[in-house]
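Below you'll find the structure I mean.
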Amino acid sequence: MSRTAESEGALETRGIEQVPDAERTARVRELFPTWVGANISVLLLTMGAGLVVAYQLNFWQALVVSGAAPVVSYGLVGLIGIAGKRGGAPGMALSRAVFGQRGNLLPGSLIWVARWGWETINAVVGAYAMLTVLDIVFGIRSNSVLDMVMLLAFVVATFAISGLGINAVQKCNKYATYLFGTFSVLVLGHLVVDTDWSAVFDRSAGPVAAMITGVGLIAAGGVSWIPSAPDFTRYLPRTASSKGIVGVTVGGAGVVVLPMVLMGMVMAVSTPDLASAADPVSFLGEILPTWLAVPYLLIALIGMLLINSMSMYSAGFTAQTLGFTVPRHWAVSVNALISLVFGGVLMLVATSFMGSFIAFLSLLAVAFSAWVGVFGADMLRRTEYDGAAMADTGRTSAYWYRGGFSPAACAAWAVGLAAGLMFSTSDWFTGPLATNNVVGEYGLGWVATVVISGLLYLVLPKPPVAVPAPSATPAGRAEQTEEPATLAV
């Protein structure tokens, strides 16, 4: 996002260090294609179908769910993104100020591992998209060898984009937004003409409880982006509008999530098997005409590439904060290799893609939410971050606290994580408190995690906020930290 000479080149070399004010020249409106690109996924179609098949919702209920989910999840993404413009560093680097230099290794490790699963899911969906195109256009049927070749091709392409850095990711997101918008309008037009709308609107309403569960399920995908939010706002100036950051983030996600979920819901009325398909992509070749299915699948493929590129881009920073002393683009390669191995296992062994995906998504949201609660609560008392203290990982750091740990943050994180898991249920794991209560029955374990960890952190005694030394603070910075001006969006 920066327009400086350092980042205009093909390869971004800046890592987890604080971005100097002189380089922070990005604009809030540039976040819009970022969060559009983060949601160009055919998984939203399948999840929309699940609202009809699994939750028995009607069109109007699905409309409410698909509108509320991005507001909830990407509202949190936008709020945490404010920390990026305050501190000018990636999310997990800023997290050192909250948890301590050693304490940050606890949530950092879990978030890094959780990203392996998310990147694996995206890589598998991308590989399925390529396999479906080969089947439709050339009649080439998939087999184990071809599956692995397509998976490898997808992971290599993802690594190439994410390894280049923020400039490449942003440019790809911009053009993908235009392509996706164009073809989504064409798909929508086809559905308008080809759908039996009486069957869509004549459906009876499902239970309100199912609506709440649907919001939680769809929002859980957005929750996975929350720790990464500062990674994409760190090039914004300190004077950037906080309201603008939240609004553009929610708008960019919502403009994709709402129509995609609704289209999946409409498709499932005539094709109920969509929600339980063996893979989340091939159904498009059956529902849409070839002239529309092929380009739309290619757009979906590009979308999955961008989603994984953004995820790996952030994962590279997380790996650096864990002590991997390698450049960011090499740290990215670790996640690329892991997603290749895990993706191969999922494609060759798993019997139900969507079952595995939903189970994973439920537990993934809890893993991220424990950090979100603590970090978000800390933002209420911290308006700036000491770049020198973040970079100093030794005992001399202002963020060393007690033995490298912030007791309040680490305790609140651990308790929130444990409580969230106890309230969670999935095909893989069911917590002891997941039944016979509102939180567990509605799939809101991740919400409980945010609330419990955040409230506990607020009430526990905390170390004082470290104020950056005057030599590291640009003149006038104290007057600018609380947004004296608003950047046009």
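Quick one: putting +1 on the C-beta of Lys and Arg, -1 on the C-beta of Asp and Glu, what dipole do you get for the stretch 70-209 around its Cα centre, in Debye to the nearest 20?
Dipole size: approximately 860 debye.
Given R₀ = 25 Å, what would the calculated FRET efficiency be for Leu337 paired with Tyr178, taking r from the Cβ atoms and rounding to 0.05?
0.20
Cβ neighbours within 10 Å, averaged per peptide: list 94-104, 136-146, 411-421 in order, most packed at the top.
Listed from highest to lowest mean packing, they are 94-104, 411-421, 136-146.
Of all the C-alpha pairs in the stretch 1-155, what % are more than 23 Å from each other?
For the stretch 1-155, the share of Cα pairs beyond 23 Å comes to 60 percent.
Of Gly244, Leu191, Gly214, which is farthest along the charge dipole of the stretch 191-280 in the positive direction, counting Lys and Arg as +1 and Asp and Glu as -1 at C-beta?
The listed residue farthest towards the positive side: Gly244.
In addition: Less than 30 Å apart at the alpha-carbon level, and either on another chain or at least 8 residues along: which lysines does that give for Lys171?
Lys85, Lys243
Select from the stretch 13-84 those GluC sites (Glu not before Pro) which occupy a DSSP coil region and have at most 16 other Cβ atoms within 10 Å, ordered by residue number.
When the GluC sites (Glu not before Pro) of the stretch 13-84 are filtered for loop state and at most 16 Cβ neighbours within 10 Å, Glu17 remain.
Between Leu63 and Val145, what length comes free when the chain is fully extended (0.36 nm per residue of separation minus the Cα-Cα distance, one decimal in nm)?
25.4 nm
Hey, got the dipole for the stretch 129-266? About the Cα centre, +1 on K and R Cβ, -1 on D and E Cβ, debye to the nearest 20?
640
Would any residue of the stretch 98-130 have its amide N under 18 Å from a label point 7 Å out along Cα→Cβ of Glu286? List them or say none.
Flagged as within label range: 128-130.
Check which residues have an amide H placed less than 5 Å from Asn58's amide H, if you skip close sequence neighbours.
Residues meeting the amide H criterion: Gly206.
Relative to the present Cα-Cα distance, how much length would full extension add between Val113 and Ser270 at 0.36 nm per residue of separation?
52.7 nm
Name the residues whose placed amide hydrogens come within less than 5 Å of the amide hydrogen of Leu444, ignoring near sequence neighbours (fewer than 5 apart) on the same chain.
none
Another question, then. From the phi of every residue in the stretch 140-149, what ³J(HN,Hα) in whole Hz does the Karplus formula 6.51 cos²θ - 1.76 cosθ + 1.60 yield, where θ is phi - 60° and glycine or proline is x?
Result, rounded to whole Hz: 8, 7, 6, 8, 4, 5, 5, 4, 5, 5.
Then there's this: Please compute the per residue accessible area over the stretch 41-193 with all protein chains in place, 1.4 Å probe, rounded to a whole number of Å².
On a per-residue basis, the stretch 41-193 sits at 33 Å².
Figure the gain on full extension for Ala199 and Arg395 (residue separation times 0.36 nm, minus the Cα-Cα span) and round it to one decimal in nm.
Extra length available between Ala199 and Arg395 comes to 63.9 nm.
The values are calculated or read from the model by the stated rules, or taken from the named source; none is laboratory data. Just so it is clear, the structure is predicted and the values come from calculations on it, not from any experiment. When we count neighbours, we look across all protein chains shown, and the Cβ atoms used for this are built from the backbone with ideal geometry, even at glycine. Note: accessible area is taken over every heavy atom of the protein model, side chains too, but ligands, DNA and RNA are not part of it. Shrake-Rupley method; radii C 1.70, N 1.55, O 1.52, S 1.80 Å.
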